[in-house]
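The values are calculated or read from the model by the stated rules, or taken from the named source; none is laboratory data. Keep in mind the model is a prediction, meaning the values are calculated, not measured. Cβ sites come from the backbone with ideal geometry, for glycine too, and all protein chains shown count toward neighbours.
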Amino acid sequence: MFAYLARKIWRDFQGEILALPTRTILFAAAVALLLLPLVTDDAYLLRIVATASIFAVYAASWDLLVGFSGQTTLGHSLFFGIAAYTAALLNLRFGLPAFLTIPAGALAAVLAGLLLSLPALRVRGPYFSLASLAMPIILMGLIFSFPGLTGGEMGLSGISRLAGTRTGEYYFLLISMFVLTLLMWKIATSRTALIFHAIREDEIVVRVSGINTTYYKILVFCCSGFFAGMAGSLYAHFLRVVGPSTLDIMMSLQVIIWGIFGGVVTIYGPVVGVFILYPLLEYLRIIPDWRMLIFAGIVVVTLRFMPEGISNKFQDLLERQCPRCKERNIFMRKECRICCTDIGTCSRVG
Amino acid sequence: MIVLQKGVRKLWELILINGLIIGGQYALLALGFSLILGVARVLNLAHPAFYMLSAFTIYTFSQVLDFNLTVTYILSLVFMIGLGVVIYQVILAPVRAQTSTVLILGLVLGIAAQELMLIFYGGQFRSLTRLASGTMQLGDAVISNQHILALSAVMLSLLGVWFLLFKSRFGIPIRAVAQDREVANLMGIPESRIAILTMAVSVALAVIAAAMVAPIGVIDPLMWLHPLVIVLTAVILGGLGSIKGSIMAAFILAFVEVSLVFLAPGAAFLRGAVSMFVMLTVLMFKPEGLYGVFMEGER
Amino acid sequence: MLLEVKDLSVSYDMATILSGISINVQDGELVGLVGPNGAGKTTLLRAITGLVKWEKDNRRGQRMGKITLEGQVSFMGEQISNLSADQIARRGLVHCPERRRPFKEMSVYENILAGAYLLKKNSPEFKRLLEEVYSLFPILKDRGRQISATLSGGEQQMLAIARSLMGKPKLLCIDEPSVGLAPIVKRELFERIAAVARSGITVLLVEQDVAMTFAMSNRNYVLSHGRLVSEGTSEVLLQDEDLRKSYLGL
Ligand SMILES: Nc1ncnc2c1ncn2[C@@H]1O[C@H](COP(=O)(O)OP(=O)(O)OP(=O)(O)O)[C@@H](O)[C@H]1O
Ligand SMILES: [Mg+2]
């Protein structure tokens, strides 16, 4: 029985993960992160990885909204900030524990998603991008207007911890990231996401096909808001301070940099982007003056030569798509692993 | 960057003059930004950073290297246009099909420029030498000559761009490329060279804004961030692709901002939020901006 | 030989749109190019006049829609496969695009000026061409100040052809000029095109109206599914029963 199960898992593992080089690499990286606390107790490093896990969820939620549904938002920090503030306020003012404040923060972000979907239903394209930019700025104005409640410029501090020990927090955040990004990946490859995709390509055609685009647009905003909100509340409990920086434009723009650097419409691309860029920026603190400049230089050079983003570039290099069944194959294969079509001759395509 | 004007007492005069000048500054930047967006379809977020860089270039030439002002302006113009064109040609143009990548590249380039200036000059406020000293009596208001100069320079530049687009021999090819790049090619119009020309004009407008308006206030490496938000807002508020619209919107936003600062000084920190609120409200009623047209085939 | 296309192939992503097309156009001819919808006629014109190359260059960095373009095109004995679209237009190979596409926000006169980009404004040559164009399409003279987006479909088509004529074409490629025109207007337009051809400009005409095209063309190519099916004078093609039934619908 167990032997059977083990064999089945191994077969699935072989078929789903080992068959594709990019998935193998991602899997290896995940295992390495899980094993990290066993080989090092460098608190700084663990803290960076833990923070990166939070941002990874945040970046992936951005991809869900922007990559898959084409609602290019410039104000994604709205979700992150609103959730962070909600979690912090509930925790500080009402003494609610983390396992309640985190979903509550996410819920607040879902509501923010509803709010943000209003302009999205009305205006399109670049107009929407700018309308979305406005939201966090207006919210920030409100936060500054009520310093008594929100702590104003100083923010809120003294939020309770996620877990008793550092290692506990590390695993909590890492596992949360795996679960949340896997969920997003499932959503992004589901039939519903196909409709998001279709809306991105041509909303009018989707509407005349009898699909209620309004419903799906609101849905994708709420979904993305939920995950970004999870990231925001985790952030509040991990850093234990929440300030206006969570709503800052930089916070919105940063996630775009991570996402596009990593490669959009993949969910894991932005995760890769965060895990490359965030630690890079942190470790550049050894040369504080040159930190942002070097960071900017690396991003510019990378995007200039890989405008499709790192993960997409590597995927195109290592894998090719079967023209018939659209399954991916490792680049060495001459015929498709699923339908045995000859793919030796056709070009590498995304 | 709000500029208090000594010698003028009435509130509405303050609002009018500062609104016009700040509006003019925003209008120059928004105009440059929407020109390159319209002609090359490049959303150049680094544009306000060119403004900041121009201010520092002028500072370097005139106050560090001690050139006289004419030489300074000519050198700054040449240097900045060169820089802008090289950045466009080497970094932005090759990836312009990927709009989101262009967006990020522009942003990151702006950050790079800011960091570079922070390394060279530090974060403190500096001021450029004023071009004109003294004041002038206009009715019962007293206005400094620098303000008059800035205002006339802004208006002249706006006129100049209008002339370029509608009267000069470059007008037709530029507008043709903006309306249909593909067909412009078929008419023998070298679309990529027209884009470079437009980039040069767009940077020149940033240099003019820096040379004329920046001496009124202070300069620092972060001075491009607020204009970035405003320029984006103005271009959208005015309607993408509409030059008239973005200029109007720039002035509207400036007046909203200035009025807030003068009428409710305690709420000055809300100026960003209020501008945004204005834009959001307009968009809810006019989803394509004030003068917008949806670009054909690009919905 | 004015235009010679050898083994031209175009594919978008993995879909082959044109495979191994070879055609040629002699000086002074009016050549018809017909075929069912989606045959690749427009793509062939776009490939000849450099637009496919332009599209390809402008897609750098995009994951989807990789374009491949192979084959040789020579115009007046010169290889033009590697030239950009505007350089090709400069050599006198002018393409009047499908769906007319006037510069919508410009006036009729400004559209004509845009077409005359290669000429000095107010040069004698410009004036002569303008006179010719106005005598061909008098309506454009009266409507000079009208914004071209507000012209009717037929007027827009005349404007598009006039604009192309201002580029001093040696070879004019016109893509589906008759779409959406009333029968009378259509006949009139075809007469004008014939007049253009008589004035010494070689014409490559893409059309759906096979009967009218064949009535005035010297020679024709029939394209289907990205391949050349047949070529020859109208009389010869019309005698081929199979061709008439399966491709021409006559
Ligand atoms: N940019 C493009 N990307 C992908 N496929 C394209 C592109 N342009 C054309 N095609 C495809 O190439 C084929 C040929 O198109 P083309 O426009 O050349 O046909 P056509 O002969 O001009 O048809 P029609 O008579 O309807 O105008 C079509 O199947 C079309 O879908
Ligand atoms: Mg066609």
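Determine if the range B:12-33 includes at least one residue that is more than 23 Å from residue B:260 (Cβ to Cβ), of a type in the set (Gly, Ala, Ser), touching a residue at least 24 places away in the same chain (Cβ under 8 Å) and touching a Leu at 6+ places or on another chain (Cβ under 8 Å). Within the range B:12-33, one or more residues are more than 23 Å from residue B:260 (Cβ to Cβ), of a type in the set (Gly, Ala, Ser), touching a residue at least 24 places away in the same chain (Cβ under 8 Å) and touching a Leu at 6+ places or on another chain (Cβ under 8 Å). Evaluate the range C:15-31: report whether one residue or more is away from every other protein chain (no Cβ under 14 Å), of a type in the set (A, V, I, L, M), farther than 24 Å from residue C:214 by Cα and within 12 Å of ligand 1 (Cβ to nearest atom). Yes: one or more hits.
So for the range A:307-321 (the condition being in contact with a helix residue (DSSP H, G or I) (Cβ under 8 Å, 6 or more places away or on another chain), assigned to a strand (DSSP E or B) and modelled with pLDDT under 90), does at least one residue qualify? Yes, some residue in the range A:307-321 is in contact with a helix residue (DSSP H, G or I) (Cβ under 8 Å, 6 or more places away or on another chain), assigned to a strand (DSSP E or B) and modelled with pLDDT under 90. Of all the numbered requirements in (1) away from chain A (no Cβ under 12 Å); (2) modelled with pLDDT under 95; (3) closer than 30 Å to residue A:63 by Cα, residue B:131 misses one, and that requirement is (3). Within the range C:13-53, if we keep just the residues that are of a type in the set (Lys, Arg) and within 12 Å of ligand 2 (Cβ to nearest atom), the residue that is surrounded by the fewest Cβ atoms within 10 Å (Cβ to Cβ) turns out to be C:41. Applying the condition of being surrounded by 19 or more Cβ atoms within 10 Å (Cβ to Cβ) and within 13 Å of ligand 1 (Cβ to nearest atom) to the range C:163-181 and asking which residue is farthest from the other protein chains (Cβ to nearest Cβ) yields C:178. The single condition from (1) touching a helix residue (DSSP H, G or I) at 6+ places or on another chain (Cβ under 6 Å); (2) in contact (Cβ under 8 Å) with a residue 40 or more places away in the chain that residue A:195 fails is (2). Applying the condition of being more than 7 Å from every other protein chain (Cβ to nearest Cβ) and farther than 18 Å from residue C:173 by Cβ to the range C:93-115 and asking which residue is nearest to ligand 2 (Cβ to nearest atom) yields C:111. The set of residues in the range C:76-92 being aliphatic (A, V, I, L, M) and more than 7 Å from chain B (Cβ to nearest Cβ) consists of C:76, C:80, C:83, C:88.
Can you find a residue in the range A:275-289 that is assigned to a loop (DSSP other than H, G, I, E, B), away from chain B (no Cβ under 13 Å) and among the β-branched types (Val, Ile, Thr)? No, the conditions are met nowhere in the range A:275-289. The residues on offer are C:167, C:154, and the sole one that is in contact with a Leu (Cβ under 8 Å, 6 or more places away or on another chain), without any contact (Cβ under 8 Å) to a residue 40 or more places away in the chain and more than 16 Å from ligand 2 (Cβ to nearest atom) is C:154. Would you be able to say whether some residue in the range C:60-72 is within 16 Å of ligand 2 (Cβ to nearest atom), farther than 23 Å from residue C:195 by Cα and hydrophobic (A, V, I, L, M, F, W, C)? Looking for residues that are within 16 Å of ligand 2 (Cβ to nearest atom), farther than 23 Å from residue C:195 by Cα and hydrophobic (A, V, I, L, M, F, W, C), one finds none in the range C:60-72, hence no.
Selection of the range B:122-147 for residues being within 21 Å of residue B:29 (Cβ to Cβ) and either in contact with a His (Cβ under 7 Å, 6 or more places away or on another chain) or not in a loop (DSSP other than H, G, I, E, B) (or both) yields B:126, B:146, B:147. Counting residues in the range C:155-165 that are within 22 Å of the chain's Cα centre (by Cα), on the phi > 0 side of the Ramachandran plot and among the charged types (D, E, K, R) gives zero. Exactly one of (1) touching a helix residue (DSSP H, G or I) at 6+ places or on another chain (Cβ under 9 Å); (2) closer than 21 Å to residue B:47 by Cβ is unmet by residue B:86. Its number? Against the list (1) touching a helix residue (DSSP H, G or I) at 6+ places or on another chain (Cβ under 9 Å); (2) closer than 21 Å to residue B:47 by Cβ, residue B:86 comes up short only on (1). Would you be able to say whether some residue in the range A:164-173 is of a type in the set (A, V, I, L, M, F, W, C) and either over 22 Å from residue A:231 (Cβ atoms) or surrounded by 22 or more Cβ atoms within 10 Å (Cβ to Cβ) (or both)? Within the range A:164-173 (the criterion being of a type in the set (A, V, I, L, M, F, W, C) and either over 22 Å from residue A:231 (Cβ atoms) or surrounded by 22 or more Cβ atoms within 10 Å (Cβ to Cβ) (or both)), the answer is yes, since at least one residue qualifies. Could you tell me which residue of the range A:302-318 is nearest to residue B:99 (Cα to Cα), considering only residues that are over 23 Å from the mean Cα position of the chain (by Cα) and more than 11 Å from chain C (Cβ to nearest Cβ)? Ranking the candidates gives A:317 first. Pairs are defined by a Cβ separation below 6 Å, a sequence spacing of at least 6 or placement on different chains, a first member in the range A:266-284 that is touching a residue at least 24 places away in the same chain (Cβ under 8 Å), and a second member that is not in a helix (DSSP H, G or I); the pairs so defined are A:269/A:263; A:269/A:309. Counting only helices (runs of 4 or more DSSP H) that fall entirely inside the range C:86-154 and contain at least 3 residues that are under 14 Å from residue B:183 (Cα atoms) and under 21 Å from the mean Cα position of the chain (by Cα), the qualifying elements are C:108-115. Looking at the range B:188-299, the helices (runs of 4 or more DSSP H) lying wholly inside it that each contain 1 or more residues that are within 14 Å of chain A (Cβ to nearest Cβ) sit at B:225-238, B:243-263, B:271-285.
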